[in-house]
Amino acid sequence: MIRALSIILCLTLAPLPAAAHKVIASAFPSGDAIEGEVGFSSGDMAANLLVEVFDGAGTKLGEAMTDADGFFTYVPTQPVRHIFRADLGAGHVAEFEMAAEEVAAILGNPATGAAPAPTEPAATAPLAGLSDADRAAIAAIMRDEMRPLRREVAAYREHHDIQTVLGGIGYIAGLFGLGFYFAARRRLAG
Amino acid sequence: MHIVDGALANEVVIGGAALAAGGIALGLRRLPLEKIPAAGVLSASFFVASLIHVPIGPSSVHLIMNGLAGLILGWAAFPALFVGLLLQAVFFGFGGLTVLGVNTVNIALPAVIVYYVCRRGVTRGTPLVAAIWAGFGGALAIALTTALVGLSLMLSGDAFIPAAKLVFFAHIPVMVIEGLLSAAAIYLAAQVKPDLFDAMKGAPS
């Protein structure tokens, strides 16, 4: 019975998509380009790696190379869904995407930095005196400031604390205890 | 060591799942009542071992401990390591649920091979001989696992030799550490409680 149960368990769980990866990767708008990063959850970034870009139908749009910090930039030309795929070797593949609306927003305002297209008038008012170059510089500074934060958040999300480990051990003890119980009951009955 | 979702071709994933299901069924058949607690303990140690990272250059690899599980459990290593892998996938995001079958085969099959290769040496010698065989088994399990990972990648289109080489060389320190750990564990067991191996054989269910 345990045998049948575990086979059923493994069959029913198999088609579910995994919730998390050991490879972390993301893409976000950055001025008139898409910026992204690829790396491992341990904090090691994937340096000098080829990132291939596909549209929703699987047609290859182009490719980009990551720098020493695992960052890459890609300038989109079409407002379609962009899928990024990077092979980190040894069975580690990162696949992430950016929705068509976000790409369209990037194409819509090439000079105004990372802000989305429909900007509030109140928010832009203090910036009215700034030239496009100043805005681009501010946007670049913002991105530089955000980068370590974003990495820290990603690292924190992949962090395993003692509760998780103890919880896992608890599951194992429970599962094998259950198996022991059934086996013992079968032996006592037989 | 854990292959993630999306890295393998569908045929490899399905084939791995079928092989793993067979191995688990066979393992549960060879898991007598007396061995269940040992299987639980080894499953838990496998689950935790993956959190012990060995830094190597820019990257790091983690311990696997499948050789020790194989030496003690034999075919029952399949269900024990499957449970560990399942919980690692759910809790830590190591590997993934779709490739669980492939990962189970890659890690549990070497354990079973080590059981058949080293079992005799471990059970029928002095503690020192047993420790040497156990050390060899611990290292062999990792080497076989890297070969299987390379094979899975090759069947999915990667070139086998570079992929396998990369994985193999990255795991040489792990082989050394696991060989020493397995040898120490078996040496201790052989010294302190030499009847452990006979007791754990149990009655075939």
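Summary of packing: across the peptides A:93-101, A:174-182, B:132-140, B:181-189, the per-residue average of other C-beta atoms within 10 Å ranks them, highest first, as B:132-140, B:181-189, A:93-101, A:174-182. Rounded to the nearest 20, the Cβ-based charge dipole of chain B about its Cα centre (Lys and Arg +1, Asp and Glu -1) stands at 480 debye. Note on the range B:10-201: Cα-only Rg and Dmax are 16.0, 49 Å.
Compute the FRET efficiency between A:LEU107 and A:LEU166 as 1/(1 + (r/R0)^6), taking r as their Cβ-Cβ distance and R0 = 41 Å, and round to the nearest 0.05. Mind dumping the intermediate values first?
Values: r = 49 Å, r/R0 = 1.20.
Efficiency, rounded to the nearest 0.05: 0.25.
Treating each Cα of the range B:54-113 as an identical point scatterer and summing with the Debye formula, the log10 of I(q)/I(0) at q = 0.29, 0.30 Å⁻¹ comes to -1.13, -1.15.
As a calculated quantity, the FRET efficiency between A:LEU188 and B:ALA147 at R0 = 45 Å, using C-beta atoms, amounts to about 0.55. Please compute the modelled spin-label separation between B:LEU180 and A:GLU52, points set 7 Å along Cα→Cβ, answer in nm with one decimal. Here the modelled spin labels are 4.2 nm apart.
Distance between the 7 Å Cα→Cβ label points at A:ALA137 and B:LEU188: 6.4 nm. The slack between B:VAL54 and B:ILE113, meaning 0.36 nm per residue of separation minus the straight C-alpha distance, is 18.7 nm.
Between A:ARG150 and A:LEU130, the contour length at 0.36 nm per residue exceeds the alpha carbon distance by 4.5 nm. Within a straight-line Cα-Cα reach of under 15 Å, B:LYS165 cannot be paired with any aspartates and glutamates, leaving aside sequence neighbours fewer than 8 residues apart in one chain.
For a straight C-alpha distance cut-off of 18 angstrom, the aspartates and glutamates reachable from B:LYS193 (same-chain residues fewer than eight places away being disregarded) are B:GLU34. What FRET efficiency do you get for A:GLU63 and A:PHE180 if R0 is 45 Å and r is their Cβ-Cβ distance, rounded to the nearest 0.05? The computed FRET efficiency comes out at 0.25.
In the neighborhood of B:ALA77, defined by Cβ-to-Cβ distances under 11 Å, what is the net charge if each Lys or Arg adds +1 and each Asp or Glu adds -1? Net charge around B:ALA77: +2.
Where a number appears in this text, it was derived from the coordinates with a stated rule and is not lab data. Since the model is a prediction, treat every value here as computed from it, not as a measurement. All Cβ positions, glycine included, derive from the backbone under ideal geometry; neighbour counts span all protein chains shown.
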